[in-house]
1. For the chain, give the percent of accessible area contributed by carbon and sulfur heavy atoms, probe 1.4 Å, rounded to a whole number.
2. Once both labels are modelled 7 Å past Cα along the beta-carbon direction, what's the L151-R220 spacing in nm?
3. After finding the eigenvalues of the alpha carbon gyration tensor for segment 159-299, what semi-axes result from the square roots of 5 times each, listed largest first in whole Å?
4. To the nearest 500 deg cm²/dmol, what mean residue ellipticity at 222 nm is calculated for the chain from DSSP H runs of n ≥ 4 alone, each contributing -39,500 (n - 2.57), summed and divided by the residues?
5. What accessible area per residue, rounded to a whole number of Å², is obtained for segment 163-220 using a probe radius of 1.4 Å?
6. Taking the chain as a Gaussian network, where each spring joins two C-alpha atoms under 10 Å apart, which residue of G276, G246, G107 fluctuates the most?
7. In nm, give the distance between the simple-model label positions of V18 and W43, each being 7 Å from the Cα along the Cα-to-Cβ direction.
8. What FRET efficiency comes out for the pair L6/W253, r = Cβ-Cβ distance, R0 = 35 Å, nearest 0.05?
Amino acid sequence: MFYNWLYPFHTEYSFLNVFRYLSFRIIYAAVTAFLIAFVLAPWVIRKLQEIKLGQQIREDGPKSHLAKSGTPTMGGVLIIFAVVISTLLWADISRAYVWLVLASTMGFGAIGFVDDYLKFVKAQSKGLTAGQKFTAQIVLALAIAIALYFLPGYTTKLSIPFFKNFVPDLGWFYIAFAVLVIVGSSNAVNLTDGLDGLAIGPVMIAALAYTIVAYIVGHRVMSDYLLIQHIEGAGELAVFTASILGASLGFLWFNSYPATVFMGDVGSLPLGAALGTVAVISKHELLLLMVGGVFVIEAISVIFQVVSFKSRGTRIFLMAPIHHHFEMKGWEEPKIVVRLWIIAILLALLSLSTLKLR
Ligand code: 57M
């Protein structure tokens, strides 16, 4: 908005020139989102406590979690609010991509909100059924993928990490592929969100990595130099991912161990979908497997556990997702969380190296 409304006056007021610079807008988007989340959090947490929107804890999980009963949940509302406001303020809102990522984030946020709200009114840890949640996610992701497909200039070519000349064109199949990336990412972040700070840390790290990717993809000279598909306007996505980074930092202040608020599905579903949508639009879809490697590890641990349990009747992990396995082994919660952050940082660094190594 600042870019669209204030920059046009730069001929009269030269200081308004700053709004032209993407790097400036990226940094201030992160700072703005942080401030919104950080300043409003105590008030939001108080309100959530007042309406008794506390977490119900399942009794079959690790026993240490019983002490968390009543911790306010749905803190994700604040993250999404901060991301949307900051993106609207700092991005070039004439770009369709900006509206698409915002639509994806708010749409998945709405699914998460309904799920959390039902858990709250029914006062039990249920909510939407898996089938209802999954159907809603697929319909929404499909709408986004189809909109992208018909957007002028958008290509259905797929970049493969480490390969510069092998860029297969998926054609119509790209729509199904994009749905898979967005829905998969949304659910993987949701599965990861089971310890204080566990999901939000890797979300921040992935958001930072995609800020760099989107900046380069949207920069004609840099993308040409690195032999990466250039996407006109994709740089504005970096303003969005920087907002995720800032809002997440503000939330982490309160979600760090021992957490005073959880994000709820209203946070985890849209954050995962947002990363998936950015990965799709910036044409670095497969890179998300590496950038979001911690989410992939968590999701794979569940798949392996369920398949093993159903087919052989035995478990591979003491409990899935894998963070529960480490808890059952007696690791302290902050140790598990920080170690998974370390893995996330290493994977993000490796992912960024693929921009050059191809
Ligand atoms: C969400 N939600 C947390 C909080 C958060 C298929 C199966 C693997 C699904 C999986 C599942 O339901 N995952 C989805 C996990 C819950 O957190 C809430 O949910 C929101 C995210 N959606 O924001 O509102 C609990 O996690 C803890 N937590 C924190 N700090 C945080 O910052 O400590 C969350 C955020 C909170 C709190 O205790 O209540 C969750 O874990 O439920 N199911 C499971 O994860 C279950 N695993 C399982 O059944 N494993 C079996 C299967 C795979 C065969 C096995 O291994 O044998 C476990 N989850 C729990 N108890 N709680 C097992 C039992």
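1. Answer for the chain is 71 percent, counting heavy atoms of protein chains only.
2. Placing both labels 7 Å beyond Cα along the Cβ direction yields 1.9 nm.
3. 28, 17, 12
4. For the chain, the value works out to -21500 deg cm²/dmol.
5. Accessible area per residue, segment 163-220: 37 Å².
6. Taking springs between Cα atoms under 10 Å, the residue moving most is G107.
7. Taking the two extended label points, one gets 2.5 nm.
8. E between L6 and W253, to the nearest 0.05, is 0.70.
The values are calculated or read from the model by the stated rules, or taken from the named source; none is laboratory data. Every value quoted in this text rests on a predicted model; they were computed, and no experiment measured them. Cβ sites come from the backbone with ideal geometry, for glycine too, and all protein chains shown count toward neighbours. Ligands, DNA and RNA are excluded from the accessible area calculation, which covers all protein heavy atoms including side chains. Shrake-Rupley method; radii C 1.70, N 1.55, O 1.52, S 1.80 Å.
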